[in-house]
1. Could you run through the stretch 199-234 and say how many residues are modelled with pLDDT of 95 or more, closer than 19 Å to GLY14 by Cβ and of a type in the set (A, V, I, L, M, F, W, C)?
2. For residues in the stretch 148-157 being assigned to a helix (DSSP H, G or I) and either modelled with pLDDT of 95 or more or aliphatic (A, V, I, L, M) (or both), which is farthest from the chain's Cα centre (by Cα)?
3. Taking the stated definitions as given, is ARG249 touching a helix residue (DSSP H, G or I) at 6+ places or on another chain (Cβ under 6 Å) and charged (D, E, K, R)?
4. Quick test of your reading of the structure: SER228 fulfils all but one of (1) in contact with a Gly (Cβ under 7 Å, 6 or more places away or on another chain); (2) outside any loop (DSSP other than H, G, I, E, B). Name the failing condition by number.
5. Find all pairs meeting these conditions: Cβ atoms under 6 angstrom apart; at least six residues apart or on different chains; first residue within the stretch 237-254 and within 16 Å of THR176 (Cα to Cα); second residue of a type in the set (Lys, Arg).
6. Given the stretch 21-139, what helices (runs of 4 or more DSSP H) lie entirely inside it while holding 3 or more residues that are out of contact with any Gly (no Cβ under 8 Å at 6 or more places or on another chain), farther than 24 Å from LEU202 by Cα and of a type outside the set (Val, Ile, Thr)?
7. Go through (1) among the hydrophobic types (A, V, I, L, M, F, W, C); (2) closer than 19 Å to GLY5 by Cα; (3) modelled with pLDDT under 95; (4) crowded, with 16+ Cβ neighbours inside 10 Å and name the single condition ALA127 misses.
8. Taking the residues in the stretch 207-220 that are loosely packed, with under 12 Cβ neighbours inside 10 Å and part of a loop (DSSP other than H, G, I, E, B) as candidates, determine which candidate is farthest from the chain's Cα centre (by Cα).
Amino acid sequence: MNIQGQAALVTGGGSGLGEATARELARLGAKVAVLDLNMDNAQRVAQDIGGIAVPCNVSDPDSMQQAIETAAAAHGPARILMQIAGIGSAKRVVGKDGNAAPLEDFAKVINVNLIGTYNAARLFAAACAKLAPLAQDGQSDGARGVMVFTASVAAFDGQVGQQAYSASKAGVAGMTLPMARDLAQHGIRVCTIAPGLFATPLLKSLPEPVQQSLAASIPFPARLGKPSEFAELACHIVSNDHLNGEVIRLDGALRMAPR
């Protein structure tokens, strides 16, 4: 798909990997809707890239549907969904006090990261499936849209305390292929990126020695990933019509240690 001129939705677009992806899409000529719970961040990014800021809670059906409709009213129906919104968590199953971890903590992460991803995907796909197939050079292969999800290397080698986060991201990775197969009839591709350690605001807030230690654990290049590298891969997936149903690790050959 040629990104130029297409309407795109970026959830979690107000910061970190989402912000970098929104900026790269705009650089390539997309009309970008920055979807985020934090409207200050969303408006800052949208203003910089000539897009629009839209409030959105990906795990809430009404909020997500309204965001899709608001973006469509401004830019036309979206053919690109970058689903990047998510939260983290670290809770041992049995705490130092001997008590079991609160179930609501696990449920919250699953609700945002996994159910939120599915919610955004199902509503985007339903709208996208109604669009006419794209034509290129006067011909069409039936392509209508592309979705890129965000998992994590924690889906495959999660660390101590990452039960909820790892489970949620493994779920995203696990539904990528069946969803791609499901939506093939509608000409909608689905891929997932599983990033490793990236220089997001969260990681950059850690003390410098901690950042350096994390970077040193990456085989090559021995540095934190750049959000721009995530964004470039996300946009390449959109542009490469034969990428479908795939989960791509973006981690410098990192394999996480138990702790």
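The values are calculated or read from the model by the stated rules, or taken from the named source; none is laboratory data. Just so we're clear, the structure is a prediction, and the values are computed from it rather than from any experiment. Here Cβ is always computed from backbone atoms with ideal geometry, including for glycine, and neighbour counts include all displayed protein chains.
1. 3
2. At the first step, the residues of the stretch 148-157 found to be assigned to a helix (DSSP H, G or I) are 154-157.
So of that shortlist, the ones also either modelled with pLDDT of 95 or more or aliphatic (A, V, I, L, M) (or both) come out as 154-156.
Details: ALA154: 15, ALA155: 14, PHE156: 17 Å.
That would be PHE156.
3. Judged against the criteria, ARG249 is not a match.
4. Unmet condition: (1).
5. Every condition considered, the pairs that remain are ASN244/ARG189.
6. Here the list reads 61-75, 116-128.
7. (3)
8. Out of the qualifying residues, it is PRO207.
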